[in-house]
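The values are calculated or read from the model by the stated rules, or taken from the named source; none is laboratory data. Computed from a prediction, not measured in an experiment: that's the story for all the values here. Every residue, glycine as well, gets a Cβ built from its backbone with ideal geometry; the counts of neighbours run over all protein chains shown. Calculation scope for accessible area: heavy atoms of the full protein, side chains included, ligands and nucleic acids excluded. Shrake-Rupley method; radii C 1.70, N 1.55, O 1.52, S 1.80 Å.
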Amino acid sequence: MTFETPSTPDVAARHSSLVPAAGDSDPLQYLNRELSWLEFNARVLSEAGSMEVPLFERLKFLGIFFSNLDEFFMVRVAGLQAQTHRTITEVPPDGMKPQEQLLAISARAHALVDSAYRLWNTEMLPALHRVGVRIVRPEELDAAELAALDERFRTDIFPILTPLAIDPGHPFPHLRNKSINLGIMFSREHEGEEPGFGVIQVPPMLSRLMRVRVDGCGRAFVLLEDVIARHVKEFFPVSRLRGTYPFRVTRNWDLEIDEEEGEDLLETIQAELRRRDRGNAVRVEIGVGGGVGASVQRLCRALGIDPSLDVYRISGPLSIADLVSVVGEEDRRDLRDEVFTPQVPVALRDVEDPFAVIRERDVLLHHPYDSFEPVVEFISRAADDPNVLAIKQTLYRTGGDSPIVKALARAAENGKQVTAIVELKARFDEASNIQWARTLEQSGAQVIYGLLGLKTHVKALLVVRREKDKLRRYVHLSTGNYNPHTARLYTDFGLFTANRELGEDVTSLFNLLTGYSAPPKWNRLVVAPLGLHEAILGLIARETEHARAGRKAEIVAQMNALVDVDVIDALYSASQHGVDIRLFVRGICCLRPGIPGLSERIQVRALIDRFLEHKRVFRFANGGSEEFYFSSADWMPRNFHRRVEVLVPLLDPAARTRAEDMLATLEADTAKTWTLNADGSYTRVATPAGATPVRSQQRFMELARERPKPADVLSRGGRFHIFQVGHGEGGDELRRKNGKKKKHHPPS
């Protein structure tokens, strides 16, 4: 579908002549997107290996590393493999063809996996053992405990299992994505025949961790697959076993949806979710056991994968992300991050009328240091306020048992006009979003599934309230999802405002999403795909113009990913003309900094710490008249052209000051920050000799605690309350939804 593009902020038009024209660029000027992502995951792994990180948090980071890698193979590697079968392939700016990328990915991923298992075997297991947590093999148990375990197998596990022999009459079974299986090699009746091969699928509905008693150990477990392997002979009683080993298959998990053909998008996605588990295999991990050499070729043929690129021989348990729960019930504060309590901002604390506060001034929230509770409470109050006539909200990843969805449903039941833009195509959250969409529809809310061909990634809330015989708009805009759980784990900006121009723009935004009607002009917001790309290029070009004229020219930006080649070229041009550019890019960065004559004025840093850095914040010096923005969008082609996103100016002076202080604290970090080198490698930032390391996230927590607070908020009748970040939930900190666990991912 197409829209007529309305006018965007004048900055893009005024400086369009300074935006570098598209042309043939040197591929050596760009880093490969996929390899850059692997370096991001290497930084996650580095946190798992850091002795400065508490032990249980190190285990969390190790689980995140493996969960991230699963998603990378399920989406990115799967896409590259699909390209190798096409006559037309997509060549990225760095010039690497799909097969070249797959070769490079395989080499780097194998090295990272080997490093991760060395860490697991040489450091993590011994450290866990020292604090009384062990994962043991069945044969390590004493006779009484082993007998009890065998009895549990016979009563609770054996009836569920189905052995599958593979031969001409029994084709290779379909194995579910990320399922753990046992491969069994056995001799046939006639020694001259090819050895037999069988498969037992480890039931996913059973816990992999079986609790056992071990003397001198507080918590001990055996793995379900090890228990099943111990009893394999019972499934093939007349055969001579030649080996048993666990293996795990990763499949293409991306949805393929033709929205033009699907009459009902919800039903189309439901059908695609059912089909998804049958995607092509993209990777197989093989654990420790016997008979691997004799069957790996057969396994690869059956799965259709390359044995040299896509097979990972594992020197430990498969899917370590599943094992993080071994410490889930351990209340060892000394082995976890300190408990942090997000603070309700002073402006919204103990207030009876938050609408009055927001009418008076904008309120900028910095999560998770500022509590997300004011957002939940605001929506809840709006649902019950008789003066509120309409609530409109986008929902991308709301999480399970969402209080926000419940409030919207209650508002609809109270007779208010409730419109929810539910993005059904939010990767790995499709099933959850379908559930919430049906809940809202049943309550009487108007549910819209976004725009054809575009993902609705913008995070926006609009409340229309009757006040003194006129209507007033209240707006909340954010860099993060309306998800109370991830708001405790991700760093994001959220803005409450009653600014008239922003209110008009957000109204137009929802009209665009529900009625395909774009306004002739936006007041303050910049909206993708209707001009955000051009506006970012224009803002960069304006800094270039200031530098040429000898005025102050500087760009400081924090984001999750920098991929768009036009933006990268504009930054290169700005650097060449004297603009100082400091970028904080948590994940993928395809720009090469520090190249003489091209990017020597560009510095790129990345921060990995307790909370997932997720906000997108931008400061432009603008010749001395600084401008600050935040956005739902990273600087990537998909955000500019295939998603509905917004760029939001910070208009309130106090909000701008807070954003400036945040960026300054981020720049000062020497404890958890890495510097990107021109060759694509990353180096930890060194603390100057004699100086104390600065940890920005720790500083933000300290600042939150230092803010003035009443002795007891709840005792004085205020409705906003404070809750704690549970230290046991940190395993989701850097992960993205895949239906079970979050990834550092990652998230959008």
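Numbers for the structure displayed
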{"quantity": "Single condition E729 does not satisfy, out of (1) open to solvent by 50 Å² or more (accessible area, probe 1.4 Å); (2) at pLDDT 50 or above; (3) part of a helix (DSSP H, G or I); (4) touching a helix residue (DSSP H, G or I) at 6+ places or on another chain (Cβ under 9 Å)", "calculated": "(2)"}
{"quantity": "Residue match in region 453-460 (condition: free of Cβ contacts under 8 Å to residues at least 12 places away in the same chain, open to solvent by 20 Å² or more (accessible area, probe 1.4 Å) and out of contact with any strand residue (DSSP E or B) (no Cβ under 9 Å at 6 or more places or on another chain))", "calculated": "no"}
{"quantity": "Strands (runs of 3 or more DSSP E) enclosed by region 161-264 - at least 3 residues per element that are in contact with a Pro (Cβ under 7 Å, 6 or more places away or on another chain), at pLDDT 80 or above and open to solvent by less than 30 Å² (accessible area, probe 1.4 Å)", "calculated": "180-187, 196-201"}
{"quantity": "Residues being farther than 26 Å from P693 by Cβ and either under 17 Å from the mean Cα position of the chain (by Cα) or surrounded by fewer than 22 Cβ atoms within 10 Å (Cβ to Cβ) (or both) - total across region 584-599", "calculated": "5"}
{"quantity": "Criterion: at pLDDT 95 or above, farther than 19 Å from R361 by Cα and not basic (K, R) - qualifying residue of T456, T491, T486", "calculated": "T491"}
{"quantity": "The listed residue being open to solvent by less than 40 Å² (accessible area, probe 1.4 Å) and touching a Phe, Trp or Tyr at 6+ places or on another chain (Cβ under 7 Å), out of I602, I540, I555, I581", "calculated": "I555"}
{"quantity": "Criterion violated by A668 - all others in (1) open to solvent by 10 Å² or more (accessible area, probe 1.4 Å); (2) closer than 16 Å to S696 by Cα; (3) touching a residue at least 60 places away in the same chain (Cβ under 8 Å); (4) hydrophobic (A, V, I, L, M, F, W, C) satisfied", "calculated": "(3)"}
{"quantity": "Every residue from region 321-344 that is crowded, with 20+ Cβ neighbours inside 10 Å and farther than 28 Å from A704 by Cα", "calculated": "A321, D322, L323, V324, V327"}
{"quantity": "Helices (runs of 4 or more DSSP H) (entirely within region 51-135) containing at least 2 residues that are open to solvent by less than 10 Å² (accessible area, probe 1.4 Å) and among the aromatic types (F, W, Y)", "calculated": "55-72"}
{"quantity": "Positions within region 549-608 being in contact with a strand residue (DSSP E or B) (Cβ under 8 Å, 6 or more places away or on another chain) and polar (S, T, N, Q), in sequence order", "calculated": "Q558, N560, S575, S599, Q603"}
{"quantity": "Extreme residue, nearest to L512 (Cα to Cα), among residues of region 625-640 that are part of a helix (DSSP H, G or I) and open to solvent by 10 Å² or more (accessible area, probe 1.4 Å)", "calculated": "R638"}
{"quantity": "Cβ-Cβ under 8 Å pairs, at least 6 apart or on other chains, region 299-320 side without any contact (Cβ under 8 Å) to a residue 24 or more places away in the chain, far side buried (at least 20 other Cβ atoms within 10 Å of the Cβ)", "calculated": "C300/V284; C300/D310; C300/V311"}
{"quantity": "Those residues of region 136-148 which are crowded, with 17+ Cβ neighbours inside 10 Å and in a helix (DSSP H, G or I), in sequence order", "calculated": "P138, E145"}
{"quantity": "Some residue of region 521-531 being of a type in the set (F, W, Y), in a strand (DSSP E or B) and closer than 21 Å to L650 by Cβ", "calculated": "no"}
{"quantity": "Enumeration of residues in region 104-142 that are without any contact (Cβ under 8 Å) to a residue 24 or more places away in the chain, over 15 Å from V222 (Cβ atoms) and of a type in the set (A, V, I, L, M)", "calculated": "A107, A111"}
{"quantity": "Selected residue (only one of E360, E352, E377 is of a type in the set (D, E), open to solvent by 50 Å² or more (accessible area, probe 1.4 Å) and touching a residue at least 60 places away in the same chain (Cβ under 8 Å))", "calculated": "E352"}
{"quantity": "Among (1) over 30 Å from L45 (Cα atoms); (2) open to solvent by 20 Å² or more (accessible area, probe 1.4 Å); (3) touching a helix residue (DSSP H, G or I) at 6+ places or on another chain (Cβ under 9 Å), the one test that W674 misses", "calculated": "(1)"}
{"quantity": "Contacts under 8 angstrom Cβ, first residue in region 640-652 being touching a residue at least 12 places away in the same chain (Cβ under 8 Å), partner open to solvent by 10 Å² or more (accessible area, probe 1.4 Å) and of a type in the set (S, T, Y), 6 or more apart", "calculated": "L647/Y629; V648/Y629; P649/Y629; L650/Y629"}
{"quantity": "All positions within region 505-529 that are open to solvent by 10 Å² or more (accessible area, probe 1.4 Å) and either modelled with pLDDT of 95 or more or under 27 Å from R586 (Cα atoms) (or both)", "calculated": "T507, S508, N523, R524, P529"}
{"quantity": "Those strands (runs of 3 or more DSSP E) lying entirely in region 302-415 with at least 1 residues modelled with pLDDT of 95 or more and farther than 21 Å from D492 by Cα", "calculated": "311-313, 388-395"}
